[in-house]
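The values are calculated or read from the model by the stated rules, or taken from the named source; none is laboratory data. Note that the coordinates shown come from a computational prediction; the quantities given were computed from them, not determined experimentally. Positions of Cβ are generated from backbone atoms using ideal geometry, with glycine treated the same way; all protein chains shown enter the neighbour counts. Ligands, DNA and RNA are excluded from the accessible area calculation, which covers all protein heavy atoms including side chains. Shrake-Rupley method; radii C 1.70, N 1.55, O 1.52, S 1.80 Å.
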Amino acid sequence: MSNTTRLIDLSDINNVQANQNQLREYLKSSLKSGRESLTKRFNNNTPAGELVHQNAEMIDVLLIQTWQLFFSHYQEQIALVAVGGYGRNELHPGSDIDLAILITPDASECLPIIEQFITLLWDIGLDVGNTVRTIEQCVESALEDITVATNLMEARLLSGNQTLFDDMKSVTSPENIWPVDTFFEAKWKEQIARHHKYHDTAYNLEPNIKEGPGGLRDIQMIGWVAKRHFGAATLHDLVIHGFLNEQEFNELNDGQNFLWRIRYGLHVITNRREDRLLFDHQRTLASMFGFKDDEHNLAVEIFMKQYYRTIKGLNRLNEMLLQLFEEAILLTTDDEQPVAINNRFQVRQGFVEISTEDIFKKYPFALLEIFLILQQHPEIKGVRATTIRSIRDHRYLINEKFRNDLRCRSLFMEIIRQPAGITNELKRMNRYGILAEYIPLFDNIVGQMQHDLFHVYTVDEHTLFVVRNLRRFAIQKYSHEFPMCSELFEKLPKPEILYIAGLFHDIAKGRGGDHSELGAIDAREFCRHHGMSEYDADLVSWLVRNHLLLSQTSQREDISDPEVVNNFTAKIESLTHLDYLYLLTVADIRATNPSLWNSWKAALLMELYSGCANIFRHGTDKPDERVLQKQKQAQQMLGSAGYQQSDILLLWQNLDDDYFSQYRANDISWHTKTLLEAKSDSSPLIAIRTSEERGGTEIFVHTPDAHHLFAGITYTLARFGLDVVGARIYTSKSGDTFDSYSVLEGDGNAIEDQNRIEEIKSTLQKQISEGKLKPGEISRQIPRQLKYFHIPTEVNFYKDRRDRTVMEVITTDKPGLLSQIAMAMSECNIMLRNARVTTFGERVEDTFLITDGGDQVLDNKNKLSCLREKITNFLEIK
């Protein structure tokens, strides 16, 4: 008795066929029993490669026997055909069952029966996708849509008229429609478009294991072309035809089986068709497959590293095979003679290849030279497939002797120093496995992921994105993206310093310890080994060690405080160091997460960079001199706008140095102008502007201070769907607020809709004036991804350089978070002076400068304990 027979037993089907309800329940029960048996086998570690065939065969039995009940008298007019994945005899638990029902032109009396048959299949729980066509209609549909042609190419007769099926296969063959060359070009374009949909990377945070680059669809693409071109029945036929060797076939087959296991598992745990490897599924599957946490990595990270490495290998095989197909199908002419580049390489039909099969064995350094040639000859379209295979086969030659060879070291540095093609060739080196062989430390980060929402790419993919971003600063056509960066890049004495720092900045991730410190040691050793001067090696090492310094200081500290800027500057060795660090930081942030970069972060980085650069050029400012300078600048702005100095100074008498210390001259001018133009009875006063300097939208609130004011305002802004990224809180001598909130829309941009601005303004004015500004619970739905991450709330207190109390809150991001923290402060009678909101994916690290109710330094331990308890309760107990 076969495995399939044991899965489903329909021996009693004839006993229930007369009663439609009994038949439906009988089939439903039999199908349920069979599916449960398959799931049990999966849980008992039966390979998914066996189960997908067993599932298809089980459905075959059910469909064929059910079909016989309906169409035993119409076998000459009709045929039941499996197509698509089901036609390949591959069926996952939640996959659609694709059927084509072929009919003769005179089979109209079958149509109502077909409808009854399909309805029954749906009723028993089968997800059926079906078409009913004559042979002529099959041809018409296939000509219009290559997807139809592809499905029919994989057709398999289940029951019915064999001649009808054979005729359909004949008229839809390459000899009649979609000849091999046209079919290949169309499917290749289809794959390119599909890859674009997934940003041309297999390393997405929640990848689609079927449609993404390197996924199951890419393997199917290989099979389709092989079937169309060779009539290949299996992938192993590619070995017979010389397109794959046994080792490559085994890699392809093992990769497919691994992805099948994941997909099968996804369908089992979700009880439906699911091809997205979402966060919660990643954790469940890692546990199901027996992965365990180790000293440095979570089980889910180890599982996903295997996934990403598998996908990378499959992507590489897909590239090589499609190149081979192109050469065999599209580039078949032998008229064009190869053009020699040197003794080792030549160009044939636009693609570079080795001149003889033993080139890499004779000249191992050519394994690097080929990438330099591609840079120096941009007219070359790519690498011949046979040469790609030879590169892969000779990676073993890259050993310590190779790495110590002066020619190899020189070639690598030449690649890094080229004026063009650096990003493309480093990516190609990574795809072919050369980069990880030449820099063994890089191999540690290939496929390495961090299970959070902040880092959306694997470490190797992120690293190459950083280098790409750095390169764009050097290219004129991209100068409009980041004009400041492009301007600074032009002044760099040695851009290769920046590229190597980019390559090494995260190279120690996943090893334990401080990756910045460990990477700095690795980078210095690499630079010295490659003949760079001590100064250059030290600069690269310094950049790696400090690559987070600029972003962390700008986002977590009050950079309007001169002491913060002075202390930051003390860690920067020169203006040149600052330029390199600024460029690396911008490139790094933009390569971490597409949604991470926004105008607010850009403004913070620029403000800190400018403050530091100013100190290098003009020396350190004293705090009192800084205040006088800001006042002078603000007076000049206001004077040029026609405001009287006497009116300005009269208004400023109500303000002390703390106000002028924390606001910039432009802010002071805006506040003053707003108040001087306001009517005497206009309270509360709300002003809103888009600030290029601050990067986002600023909301200025001037009103008599009140209990819950900060909590209420942040609650109202959260209800508008705004993210408060910064707040400066100041109360004048007369008890009026000069508060400023920096906000962004949910997409990270400033508010652009003027009607929306007016609505926000009028709402705040109304709620403050009527005393209705009270905080509450935000009902906005928590994003799906946040539900799978929980950061335990931590509330820490420390003193800053001026002996002021700073509170740090680390917790999980959620709507209305800032309002709840503000409510806790209000209930503990604690005042806020400054807030800095920093979000890293699901992780929030907010800092607050706080004082007691009398605006004095906060030393009362009971109040701090009250605050810690209130915040924890608000954020954790829900």
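Couple of notes before you dig in:
- Sum of side-chain charges, residue 33 neighbourhood, beta-carbon under 11 Å (Lys, Arg +1; Asp, Glu -1): +3
- Isolated Cys residues of the chain, judged by Cβ distance under 4.7 Å to other cysteines: 110, 138, 408, 485, 527, 612
- Seen against the Cα atoms of the chain and their longest principal axis, helix 515-529 is set at about 80 degrees.
- For segment 360-375, 3J(HN,Hα) computed residue by residue from phi via the Karplus equation (6.51, -1.76, 1.60; θ = phi - 60°) reads 5, 5, 6, 10, x, 4, 5, 4, 9, 4, 4, 6, 5, 4, 4, 5 Hz, glycine and proline entered as x.
- Shown here: Cα Rg over 2.2 N^0.38 Å, derived from the displayed model; of the candidates (i) 1.28; (ii) 1.00; (iii) 1.16, it corresponds to (iii).
- 3J(HN,Hα) along segment 628-645: 4, 5, 4, 4, 5, 5, 5, 4, 5, 4, 5, x, 5, 8, x, 8, 7, 4 Hz, from the Karplus curve 6.51 cos²θ - 1.76 cosθ + 1.60 with θ = phi - 60°, whole Hz, x for Gly and Pro.
- Around residue 74: net Lys/Arg minus Asp/Glu count, Cβ-Cβ under 15 Å: -4
- For residue 725, the accessible surface of its heavy atoms amounts to roughly 20 Å² (probe 1.4 Å, protein chains only, rounded to the nearest 10).
- Cα centroid separation, segment 253-318 to segment 390-429 (Å): 31
- Cut-off under 5 Å, modelled amide H: who pairs with residue 158 long-range: 80, 81, 82
- Sites residue 199 and residue 29 - FRET efficiency at Förster radius 41 Å, r taken between beta-carbons, to 0.05: 0.35
- Taking a ≥ b ≥ c as the square roots of the eigenvalues of the alpha-carbon gyration tensor, segment 105-174 is classed prolate because a/c is 1.5 or more and a/b outweighs b/c.
- Accessible area per residue for segment 275-329 is 36 Å², calculated with a 1.4 Å probe on protein heavy atoms, without ligands, DNA or RNA.
- Full-extension gain in nm, residue 876 to residue 73, via 0.36 nm per residue minus C-alpha separation: 282.3 nm
- Segment 612-640 and segment 494-556: distance between their alpha carbon centers, rounded to Å: 34
- For segment 376-440, the Cβ-based charge dipole about the Cα centre amounts to some 160 debye (Lys, Arg positive; Asp, Glu negative; other atoms uncharged).
- Cα-based helix-to-principal-axis angle, 279-288 vs the chain, degrees rounded to 10: 60
- Cα centre as origin, Lys/Arg/Asp/Glu Cβ charges: the chain dipole, Debye: 1300
- Nearest-ten-degree value, helix 246-270 long axis tilted from longest Cα axis of the chain: 70
- Rounded accessible area of residue 866 (nearest 10 Å², 1.4 Å probe): 40
- Computed from the C-beta positions of residue 720 and residue 563 and an R0 of 35 Å, the FRET efficiency is 0.50 to the nearest 0.05.
- Global form of segment 265-417, assessed from the alpha-carbon gyration tensor, a/c cut-off 1.5: oblate
- Unit charges at the beta carbon, dipole of the chain: most positive-side option, 31, 492, 478: 492
- Overall, the anisotropy analysis places segment 573-622 in the oblate class: the square-rooted eigenvalues a ≥ b ≥ c of its C-alpha gyration tensor yield a/c not less than 1.5, with a/b not exceeding b/c.
- Mean ellipticity per residue at 222 nm, deg cm²/dmol - from DSSP H runs of n ≥ 4 across the chain, formula -39500 (n - 2.57): -17000 deg cm²/dmol
- Protection proxy ranking, peptides 523-529, 685-691, average beta carbon neighbours within 10 Å, highest first: 523-529, 685-691
- Cut-off 17 Å, label 7 Å out along Cα→Cβ of residue 413, residues of segment 508-529 by amide N: 523-529
- Share of carbon and sulfur in the accessible heavy-atom surface of the chain [1.4 Å probe, %]: 47
- Of the residues 11, 355, 159, the one with the largest accessible area comes first in the ranking 11, 355, 159, computed with a 1.4 Å probe on protein heavy atoms.
- Taken as Cα centroids, segment 52-92 and segment 645-718 sit 74 Å apart, rounded to the nearest whole angstrom.
- Taken one residue at a time, the phi angles of segment 806-813 give Karplus couplings (6.51, -1.76, 1.60, θ = phi - 60°) of 10, 9, 10, 10, 10, 6, 7, 5 Hz. Gly and Pro are set to x.
- Neighbour cut-off at most 10 other Cβ (10 Å), DSSP loop, chymotrypsin sites (Phe, Trp or Tyr not before Pro), segment 550-653: none
- The residue list 731, 396, 92 was ranked by how far each Cα lies along the charge dipole of the chain toward its positive end, using unit charges on Cβ atoms, and 731 comes out on top.
- With each label modelled as a point 7 angstrom along the Cα→C-beta vector, the residue 865-residue 573 pair spans 4.9 nm.
- Each Cα pair under 8 Å and six or more residues apart adds its separation to the average, and for the chain the resulting relative contact order is 6 percent.
- Accessible area per residue (1.4 Å probe, heavy atoms of protein chains only) ranks 571, 477 as 477, 571, with the largest value leading.
- The Cβ shell under 12 Å around residue 201 holds other residues with a net charge of +2, Lys and Arg each +1, Asp and Glu each -1.
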